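I have placed the structure first, in the form of structure tokens, so that the comments after it can refer back to it.
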Amino acid sequence: MTSAVAGELSAELRGFREVQTLAYECAEAVAAQLKPGVTEREAARMQREWLRERGVRDWFHLPFAWFGDRTAFVNFRIPLQFFPTNRRLEPGMPFILDMAPVHKGYTADIGYSGCLGLNPVHDKLLADLEAHRELLLREVRERRTLREIYEDVDRLMVRQGYANRHRAYPFGVIAHKVDRVKERRRSPHVFGFGTQSLKGLASDAIHGHRDGWSPLWSPYKFSDHPPRPGLWAVEPHLGFRGTGAKFEEILVVTDSKDPEQSAFWLDDDLPHVRRWAEERAAA
Amino acid sequence: MSTEATTTGIKNARERRVRTGGVELCVAELGDATQPTVLLVHGYPDSKEVWTEVAERLADRFHVVLYDVRGHGRSTAPQPLRGGFTLEKLTDDFLAVADAVSPDKPVHLVGHDWGSVQAWEFVTVKRTEGRIASFTSMSGPSLDHFGHWIKKRMTRPTPRKVGQLLGQGAKSWYVYMLHTPVLPELAWRGPLGKQWPKILQRMEKVPAGDYPTSSLRSDAAHGAWLYRDNVRARMRRPRTDAYAHAPVQLITPSGDIFLSERLYDELELWAPDLVRRSIPAKHWVPRTRPDQLAAWITDFVTTNEDGIPAKDSVATGKHADRFGGQLVLVTGAGSGIGRATAFAFAEAGARVVAVDRDAESAARTAEMSRLVGAPEAWGETVDVSDEQAMEKLAEKVAEEYGIVDVLVNNAGIGLSGSFLDTSPEDWKKVLDVNLWGVIHGCRLFGKQMAERGQGGHIVNTASAAAYQPSKALPAYSTSKAAVLMLSECLRAELAGQGIGVSAICPGFVNTNITATTHFAGVDAEEEKRRQKKTSRLYGLRNYPPEKVADAILRAVVRNQAVVPVTPEARSAHLISRFMPRALRAIARLEPPL
Ligand SMILES: NC(=O)c1ccc[n+]([C@@H]2O[C@H](COP(=O)([O-])OP(=O)(O)OC[C@H]3O[C@@H](n4cnc5c(N)ncnc54)[C@H](O)[C@@H]3O)[C@@H](O)[C@H]2O)c1
């Protein structure tokens, strides 16, 4: 890489990193305000307002909030069930906040898992996500096909005794590409998804289809190719008997020959990563 | 009051006599008197010796107290008998005993049959408040609750309610009999008294021994007044304030021929802090299931002493009433159906032994089982086809964890390929695990269950392949057909000992089995391809092992013989009975590989 290209890249990445940090700050701020009785809808609105106050006008998708066994998508059959409901938070309940704001043209897509008070099962799930973060990065660097990596994540989950819950997402994806979005004054969305971003995904899908790759990272044939350079929002999601946990953050894939440079997490200073480090220090 | 040497039939019991309201009660005590007091009240026609087995098991941990109800055993009878057995007088007796044995601390009450009927009175009247810490009830409802139960069904008699009334009415025949004058006394002192021990053994499966005691005939004759003095009065005018002022644990034997389980449907209204337990047994559980009773009483008393609300102390999963605290051993528990089964039992509060030949996955199952509700769980690394290893396992489990209440022989491996391609080694391998593993499990743990003589259940994971022939799975299907037949034969053999046997026959379930199945007659590469292909097909079918686990718990609760799981397994099971030719045609199909 010439330094000019590197400089340009890092300016780009900084933009993405800033919005990702902002989103995680939002998640932590909202999580701190969650109390027994708060509904999913209220939690979603709190995320929206917090980010709006900080300049977010467009979304890849509007904020979601899932409480209790909805964190594991128990009995989810249709996509509408992803939308926030009037389910109320209770002591000991797990929750997930998931949001994808667009800020200054940069997109983030994050997932934050927490629980209200003590929940040993939830703690265990969160701790076990660490192995997935390591596995994903390692295998992307090895340039394994996305489908194979997906299957390896699956196998690790099964070994851990968990169910794969990202399979419940549209197209069963564990990740999707994110891109810069043109800033518009109006930012309409369809079913919670920003039209600008959907356009980006659609055009990627069309181009990718011609060249044999897809912006969606799935268990299917169309993911039978090595990772494409770009930014991937990766979201492994574990479920265990009515409790779910995930993280979601951006993995940067480049065409560098140097394995370290060929793929890396956009930011390692995130709540779940810090938590693992703290646990290790405490142990 | 005086303390004398042992004269009751209970080993190491200290005996004393307590005077109250014109009678003298014979009271026995065991265990350390500084420990919490557990007071056991016997029923009809019994004396305190009905509790021997339970009392001895509780004596390590508690101060155990038993007494002969007035007119029973070695307590004296009131004069005259009529009017001497009212619930008010029985409550006086209880308070006198409680004050004598535990003057400063409330006692934990346990009642069986009429002992429980009385204890319901104790725990729902004002004057005992503060004297009762908890109450464990078995096979004896509150007469007041019973009265309201009947009234409710008579005033609004829907067909279902009438059915419930008639159901309990039929079970209460002896209550009407006991209301006739003199005749019951004559019967008890004559032929019935003589035959009673045999009746108990034959009908109720009560083990022979030093029970019933020699006082049976007079116990039974006097005890008839319990019914005459109380039943009619309370049925006519049940108390409206019969609310329990202590936490209640209700143990319901599902095979009780005297009491319908429906009686307790609305019990939460009367006893707000209620824990339900159910046990597959007949009426005389203190004689037939002492281990289980002692375990549940111990748990209930201990959590209560620790200040934990009863309701928060029990598991919340399905069938927790049935499996709470039981010891469940699952083989092949490191993956798929076995692991899901271990988790389902764990959620029901069972203690889980997870056995697998893969050490890491067995340990993992145990760890996660503890997280979802198992009070204890252990991982054990054993190859079920290894006879000696299984013998060691059986010894270790009995010694360290106890006698297994539910055994799930689930470990199994897949083998595919035509008969002519299947080598003798292939055959040996699949039979060693799928059949011999089950044989070892049944033999070793079944024997322990039978020797304990307190019931139990064995589940064997067969397969729909046990009755659906297929040219692609000759060896596997043969092994599973053998497991199915073994289960049916064993079921017949163990039925008399209260041990149930169930065969589970799943169809296509999304587990790891497809990735490890050996395909005979093809090279390694082709085998890999077929494993991948079948895994994807099973993945598309996507029937979760958790549903098989649910079926396994249900099979134990209902004591089902053969349980096909998944729609394809159920229809093949039907077809095998009515259109076996159709199944034979299916057997010839080429699998889509
Ligand atoms: N999956 C299906 O479609 C299906 C259908 C019908 C019946 N079954 C039966 O269900 C049972 C469980 O299978 P599964 O589908 O969960 O498979 P699985 O491969 O996911 O799990 C089987 C477990 O058994 C263990 N095991 C294998 N051999 C063992 C041995 N000799 N000793 C100890 N442990 C051993 C394995 O390590 C594994 O953890 C098997 O008996 C299988 O034949 C499965």
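The values are calculated or read from the model by the stated rules, or taken from the named source; none is laboratory data. All figures in this text were calculated on a predicted structure; none of them were measured in a lab. Neighbour counts are summed over all protein chains in view; Cβ atoms, including those assigned to glycine, are modelled from backbone coordinates with ideal geometry. Accessible surface is based on the protein model in full, side chains and every heavy atom, while ligands, DNA and RNA are left aside. Shrake-Rupley method; radii C 1.70, N 1.55, O 1.52, S 1.80 Å.
How crowded by other chains is B:256-269, given as the mean number of beta carbons from other chains within 10 Å of each beta carbon?
Mean number of neighbouring Cβ atoms from other chains: 0.
Long-range amide H contacts for residue A:61: which residues qualify at under 5 Å (H placed 1.01 Å from N, peptide plane, sequence gap of 5 or more or a different chain)?
The answer is A:100, A:194.
Only Cα pairs under 8 Å and at least 6 apart count here; give the relative contact order of the stretch B:212-345 as a rounded whole percent.
After rounding, I find 19 percent.
How much net charge surrounds residue A:100 when only the other residues with a Cβ under 9 Å from the Cβ of residue A:100 are counted, with Lys and Arg +1 and Asp and Glu -1?
Charge balance in the 9 Å sphere: -3.
Which whole-Hz couplings ³J(HN,Hα) result when phi for each residue of the stretch B:28-43 is put into the Karplus expression 6.51 cos²θ - 1.76 cosθ + 1.60, θ = phi - 60°, listed in order with x for Gly and Pro?
The phi angles translate into 10, 10, 10, x, 6, 5, 8, 7, x, 8, 10, 10, 9, 10, 8, x Hz.
Looking at the stretch B:1-108, which trypsin sites (Lys or Arg not before Pro) are DSSP coil and have at most 13 other C-beta atoms within 10 Å of their C-beta?
B:11, B:82
Determine the relative contact order of the stretch A:11-282: mean sequence separation of Cα pairs under 8 Å and six or more apart, normalised by residue count, in whole percent.
About 22 percent, as a whole number.
Under 5 Å between amide hydrogens, which residues at least 5 positions from residue B:205 or on another chain qualify, with H placed 1.01 Å from N in the peptide plane?
none
Can you run phi through the Karplus equation (6.51, -1.76, 1.60; θ = phi - 60°) for the stretch B:507-521 and list ³J(HN,Hα) in whole Hz, with x for Gly and Pro?
Each residue of the stretch B:507-521 in turn: x, 8, 10, 6, 9, 7, 4, 5, 7, 10, 5, 8, 9, 6, x Hz.
Report, for the stretch B:14-313, the % of DSSP beta bridges that are antiparallel, rounded to 5.
30 percent
Quote the Stokes-Einstein diffusion coefficient, in whole µm² s⁻¹, for the stretch B:142-264, based on the Kirkwood radius over alpha carbon pairs, a temperature of 4 °C and a viscosity of 1.567 mPa s.
Answer from the Stokes-Einstein relation: 78 µm²/s.
Quick one: plug the Kirkwood hydrodynamic radius of chain B (C-alpha pairs) into Stokes-Einstein at 25 °C, 0.890 mPa s, and report D in µm²/s.
Using the Kirkwood radius from Cα pairs, D works out to 94 µm²/s.
Using just the helices of chain B, give the 222 nm mean residue ellipticity in deg cm²/dmol: DSSP H runs with n ≥ 4 each add -39,500 (n - 2.57), and the total is spread over all residues, rounded to 500.
After summing the helix terms and dividing by residue count, I get -14000 deg cm²/dmol.
Could you state the accessible area per residue of chain A in Å², with a 1.4 Å probe and every protein chain left in place?
That works out to 46 Å² for each residue.
Per-residue Cβ counts within 10 Å, from other chains only, averaged over B:150-158: what number is that?
Partner Cβ neighbours, averaged per residue: 0.
When you look at the Cβ of every residue in A:156-163, what mean number of other chain Cβ atoms sits within 10 Å?
Partner Cβ neighbours, averaged per residue: 4.
Rounded to the nearest 500, what is the 222 nm mean residue ellipticity of chain A from helices alone, with -39500 (n - 2.57) per DSSP H run of 4+ residues and division by all residues?
It lands at -13500 deg cm²/dmol.
Rank B:406, B:557 by accessible area, highest first, at a 1.4 Å probe radius?
The ordering from most to least exposed comes out as B:557, B:406.
Take the solvent-accessible surface of the protein heavy atoms, probe 1.4 Å, and return the percent of it on chain A that carbon and sulfur atoms account for.
Answer for chain A: carbon and sulfur cover 53 percent of the accessible area.
For the stretch B:339-465, what number results from the quotient of the Cα radius of gyration and 2.2 N^0.38 Å?
For the stretch B:339-465, the normalised Cα radius of gyration is 1.11.
Antiparallel as a % of all DSSP beta bridges within chain B, to the nearest 5?
20 percent
Counting other Cβ atoms within 10 Å of each Cβ, which trypsin sites (Lys or Arg not before Pro) in the stretch A:212-280 have at most 15 and sit in a DSSP loop?
Sparse-neighbourhood loop trypsin sites (Lys or Arg not before Pro): A:257.
In sequence order, what are the phi-derived ³J(HN,Hα) couplings for the stretch B:213-224 according to the Karplus relation 6.51 cos²θ - 1.76 cosθ + 1.60 with θ = phi - 60°, rounded to whole Hz, with x for glycine and proline?
7, 5, 7, 3, 5, 6, 3, 5, 5, 5, x, 4
For the stretch A:205-283, rounded, prolate or oblate, judged on the Cα gyration tensor with a ≥ b ≥ c (square roots of eigenvalues), a/c < 1.5 rounded, else prolate if a/b > b/c?
oblate
Using only protein heavy atoms and a 1.4 Å probe, how much accessible area in total is buried between A and B, to the nearest 100 Å²?
Looking at A and B, the buried total is near 1200 Å².
Would you work out the relative contact order for chain B, in percent, from Cα pairs under 8 angstrom that are 6 or more residues apart?
Relative contact order of chain B: 10 percent.
If every alpha-carbon in chain A counts as one equal scatterer, what log10 I(q)/I(0) does Debye give at q = 0.10 1/Å?
-0.50
Around residue B:18, under 10 Å between beta carbons, what's the net of Lys plus Arg minus Asp minus Glu among the other residues?
0
Ranked from highest to lowest mean number of other Cβ atoms within 10 Å per residue, what is the order of the peptides B:572-582, B:389-399, A:29-39?
Peptide ranking by packing, descending: B:389-399, A:29-39, B:572-582.
With a cut-off of at most 16 other beta carbons within 10 Å, and DSSP calling the residue loop, which trypsin sites (Lys or Arg not before Pro) in the stretch A:4-93 qualify? Please list them.
Answer by residue number: A:54, A:57, A:77.
Roughly what % of DSSP beta bridges within the protein assembly as shown run antiparallel, to the nearest 5?
Of those bridges, close to 50 percent are antiparallel.
With viscosity set to 1.567 mPa s at 4 °C, what whole-number translational diffusion coefficient in µm²/s follows for the stretch B:14-313 from Stokes-Einstein and a Kirkwood radius over Cα pairs?
It comes out at roughly 67 µm²/s.
Take each uninterrupted DSSP H stretch in chain A, measure its Cα extent along the helix axis, and return the ones at 30 Å or beyond whose mean Kyte-Doolittle hydropathy is at least -0.5.
Sorted by number, the helices that extend far enough and score high enough are A:3-33, A:120-141.
Using a 1.4 Å probe on the protein chains only, how many percent of the accessible area of chain B belongs to carbon and sulfur?
Within chain B, the accessible surface is 55 percent carbon and sulfur.
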